[in-house]
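Colleague: I'd like to ask you about the structure that follows.
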Amino acid sequence: MDWTIFLFIFIKLNNLKFIFSTALLLSLFIAVLAGFADSASNAASNSQSSTSQMPTSISHVSASTTTSMATSSTTSVKSVGTPTAKQSSVSVGPLLYQGSSVRATQSQINQGKVLFIENCSSCHGIDASGSVRAPNLVGLGPATIQFWVTTGRMPLSNPIIQPIRKPSRFNSSQTLDIVAYVSSLGPGGILIPNMNGVNSASISDGASLFALNCAGCHTITGAGDALASGAYAPSLHQATPTQVAEAIRTGPANMPRFNSGNISDAHLNDIVKYVTQGIQRPNNAGGWGLGGVGPVAEGFIGLLIGVGLLVLASLWIGERD
Amino acid sequence: MEKLTTKDLLKNLKPNKDNKLSPQERAANAGRWIDERLGAAKGGRTFFNKIFPDHWSFMLGEIALYSFVVLLVTGVFLSLYFDPSSTMLTYHGSYKPLDGTQVSAAYNSTLAISFNVRFGLLVRQMHHWGADIFLGAIAVHMCRIFFTGAFRKPREINWIVGVTLLILGIVNGFLGYSLPDDLISGTGLRIMFSVLESIPVVGTHLAFWLFGGNYPGNGVIIPRMYMLHILVIPAIIAGLVGAHLFMLVRQKHTQFPGKGRTEHNVVGTPMWPGFMFKTQGFLFLTVAVLALLGGLAQINPIWQYGQYFPYKVSYAVQPDWYMGWLDGALRIMPSWEISAFGYMIPNQFFPSILFPGIAFNIFIIWPFLEARMTKDRDIHNLLDRPRDRPKRTAVGTGALAFFFMLFFASSTDVLANYLSVSLNLVLWFFRIATYVVPIVVALVTYKICIELQLAGKNAGRRKRFNVVIRTEEGEYVAQKSPAREGDMDVLSEHGEIPLELNDRVSHVIRQSADSIGVESKKSKTTT
């Protein structure tokens, strides 16, 4: 609600408009209250439809996690202890990794459920079946969940058109717990890709495949760019190998999905290698890389620094009178 | 040192049988040798006696001239190593991420220049920065000529030559940008093919003829562009630069009005001794700035882009800045389908053929257009201050704002990404702002010019208070307060003897009792 500060400044500056501003402020305040009431009732209806949990306790948990997520986990285990007992019918956890027989353990699922309820359930619901604000996550598979959580895009800080990348709220084992819990709710989806083949992959094939499949949105230097109507292709300079592979396989947000029919596992490794070793470590042999956005930055430098310095030189040589 | 005449030299030459000539005599001998054969003394005298005004703004054209020199030198170096061929081969060079991929000979040789030729990357980057700065300097120089009215009679022809140089510079810059056959320039070439194709009636024939068939043609476009880029257009540019400078010497420089400056003289520094050293210094500074940019700031890293294939495309593709306004016009053009004579005229014809055609034609005919509008057909060697021609200045800044908006419109996607706003919003902003901003800029400029003019006339003469005093009889008298401190010198210069050095109204009122008698009598006679 930081915009209210501007309203106060507005009032301060325009004493004559004080009454009008107060009325505006009040109406906005009421609107915000109404919005909160609306979201609270939404959360309540979701939880009621899914489990027999008390709606008030959920909103309390989700509110407390925003301030002290890590510390509250031990206490909330007790408070939601009963539903985990229901889930104990899953004797063996879901598969998480591609080409591996490692399964999620029951303790991972239990821990994940706690984290999920604290951080995700206010939108996605306790059983991850979605709400009017958020999609159903059941059956999406480990790769999707891991991508959204490790890139920090989930939990969402601000419901805009496309979530932005930010530091992840969880460490890798907490993330896997959440992945295990959501994957335990239903079968299907894509497993976390195996990155063992990246070292032996071909970077030049990766460059060619990247130009063909990825550069159309992410640009050839991987700097990212704006797409239509507020959507954008993000920069690839911070993506980890696993995240690149997960994004290709699962197609997050506006990105298309490339399955193994489009891009084979070997080619996937080539692209991952090119992104993490070519694009993220560009060969800027010519000097200052100018952000990798090409002629726009070059034009500004050429005109401001190049022509600018030479105009200053002419001021130095010539007379100013 | 005394001046040497030919007679003195001849006298001196005879007794010097041991052939020991002073350096001056040797130089004079050499000069005479040339003069006897070519008659160079007369032209040389004109050249060495040529007077250059000292004002800094007269040096802007030289930035363009010297970057052109750098372009020629670096271009010759690059032509030693560049292979203008579309023949595909397998790359096995120094840049490992492309090892084993199919590349054209042109792209391969540009990579070799960048990674394997000693000084290759520096020279290539200097050449590219040089092109950006060459056209930037032309634009800045053109602004100086325009806003000071230096294009007026008798210099209309030189203005047209200058505009032609600008057009040729843009064309040659685009051709050079397209030569390395990388992913980004290939996309630009694809756009150019479509632009040529959009010309009604002849478009398809023209595009197919230039490219040797439908896009991407049969591999002839790179050799053809190379021939134009390194031979035909530079030769025309060099010839026109010569004509530009010849006319400059022949017509003599313009100058700003000032003490001792008239329509019939030029005040400044002669070529020798004086300006020669300044301009040489400027050449070195231009080379220095280009070397600095070429060595430190990376431009067009084609190895990051890869070989161009028509089926591959990168987003965020922009041309070099001097083509940016055309790209911007293309971007903001609404998707209208306009038909004439039963045929649809391709949409891109309007922003990328018709618009620059009209723009350049207005540039070319501007001196005549202005002469017709102002009915001023006199010879002008003294320049205008921009504020004294508010209408021209307003038109100029409006046009500049228009081209700047188009230039920024060429980076809609990059702006949207950096400002985290919708691309559509940015596009619509430019669709409107491109027309609104120039009008606002022109109006504001006009107003500022008028204000500056007034400031010039009333310099040092700030407004004075009108003090209304009520006399003892009940009569009201208006009295002007004394001039304010600092304005005194000006007032006395203008023959106005200032009143007392009091600038406080209260003080004036306190003293008013003495002056009322006089003032009220005066006011009675006037009213």
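Colleague: At 0.36 nm per residue, minus the direct Cα-Cα distance, what do B:Glu475 and B:Arg377 gain on full extension? Give it in nm, one decimal, please.
Modeller: 29.6 nm
Colleague: Mind checking segment B:95-186 for chymotrypsin sites (Phe, Trp or Tyr not before Pro) that DSSP puts in a loop (not H, G, I, E or B) and that have at most 13 other Cβ atoms within 10 Å?
Modeller: Qualifying residues, ordered by number: B:Phe119.
Colleague: Same structure again: I need B:His141, B:His205, B:His380, B:His264 ordered by Cβ neighbour count within 10 Å, fewest first.
Modeller: Exposure proxy ranking, most exposed first: B:His264, B:His205, B:His380, B:His141.
Colleague: Compute the acute angle (0 to 90°) between the alpha-carbon long axis of helix B:40-49 and the principal axis of greatest extent of the alpha-carbon atoms of chain B; round to the nearest 10°.
Modeller: Tilt of helix B:40-49: around 50 degrees.
Colleague: If you stretched the chain out fully between B:Leu206 and B:Phe284, how much longer would it get, using 0.36 nm times the residue separation minus the C-alpha to C-alpha distance?
Modeller: Fully extending the segment from B:Leu206 to B:Phe284 adds 23.8 nm.
Colleague: When only Cα pairs under 8 Å and 6 or more residues apart are kept, what is the percent relative contact order across chain B?
Modeller: Averaging sequence separation for qualifying contacts and normalising by length gives 16 percent for chain B.
Colleague: Moving on. 7 Å from Cα along Cα→Cβ at both B:Phe341 and B:Asn29: what's the point-to-point distance in nm?
Modeller: 7.3 nm
Colleague: Okay, moving on. Pop a pseudo-label 7 angstrom from the Cα along the beta-carbon direction at both B:Leu425 and B:Lys259 and give the gap in nm to one decimal.
Modeller: 5.7 nm
Colleague: For chain B, the longest stretch holding no GluC sites (Glu not before Pro) located in a DSSP loop with at most 13 other Cβ atoms within 10 Å is which?
Modeller: B:3-262
Colleague: If you fit an axis through the alpha-carbon atoms of helix B:23-38 and take the longest principal axis of the Cα set of chain B, what angle between them do you get, 0 to 90°, nearest 10?
Modeller: It is inclined by approximately 70 degrees.
Colleague: With each label point set 7 Å from Cα along the Cα-Cβ vector, what nm distance links A:Ile164 and A:Thr105?
Modeller: Once both label points are built, they end up 3.9 nm from each other.
Colleague: What is the order of B:Val220, B:Val477, A:Val132, fewest Cβ neighbours within 10 Å to most?
Modeller: Ordered from fewest to most neighbouring Cβ atoms within 10 Å, B:Val220, B:Val477, A:Val132 come out as A:Val132, B:Val220, B:Val477.
Colleague: Continuing with this model, one more query. In terms of the Cα gyration tensor, with a ≥ b ≥ c the square roots of its eigenvalues, is segment A:225-296 rounded because a/c is under 1.5, prolate because a/b exceeds b/c, or oblate? Please list the in-between numbers first.
Modeller: Working: a/c = 2.60, a/b = 1.31, b/c = 1.98.
The shape class here is oblate.
Colleague: Shifting gears a bit: Listing B:Phe341, A:Phe147 from the residue with the fewest other Cβ atoms within 10 Å to the one with the most, what is the order?
Modeller: Working: B:Phe341 6, A:Phe147 26.
The fewest-first ordering by Cβ neighbours comes to B:Phe341, A:Phe147.
Colleague: Another one. Name the residues whose placed amide hydrogens come within less than 5 Å of the amide hydrogen of A:Tyr232, ignoring near sequence neighbours (fewer than 5 apart) on the same chain.
Modeller: It is A:Leu227, by chain and number.
Colleague: Output the 0 to 90 degree angle, nearest 10, between the alpha-carbon long axis of helix B:423-457 and the longest principal axis computed from the alpha carbons of chain B.
Modeller: The two axes meet at around 40 degrees.
Colleague: Return the FRET efficiency for the residue pair B:Gln102, B:Met247: r is the Cβ-Cβ distance, R0 is 51 Å, and the value is rounded to the nearest 0.05.
Modeller: E between B:Gln102 and B:Met247, to the nearest 0.05, is 0.50.
Colleague: What FRET efficiency, computed as 1/(1 + (r/R0)^6) with R0 = 25 Å and r the Cβ-Cβ distance, is obtained for B:Asn49 and B:Arg385, rounded to the nearest 0.05?
Modeller: Using R0 = 25 Å, I get an efficiency of 0.30.
Colleague: For B:Thr269, which sequence-distant residues (separation of 5 or more, or a different chain) have an amide H within less than 5 Å of its own amide H, given hydrogens modelled in the peptide plane?
Modeller: Here the answer is B:Phe52, B:Asp54, since their amide H atoms fall under 5 Å of that of B:Thr269.
We did not get these values from a lab; they are worked out from the coordinates using the rules stated. Small disclaimer: the values here were computed from a predicted structure and weren't measured. Cβ sites come from the backbone with ideal geometry, for glycine too, and all protein chains shown count toward neighbours.
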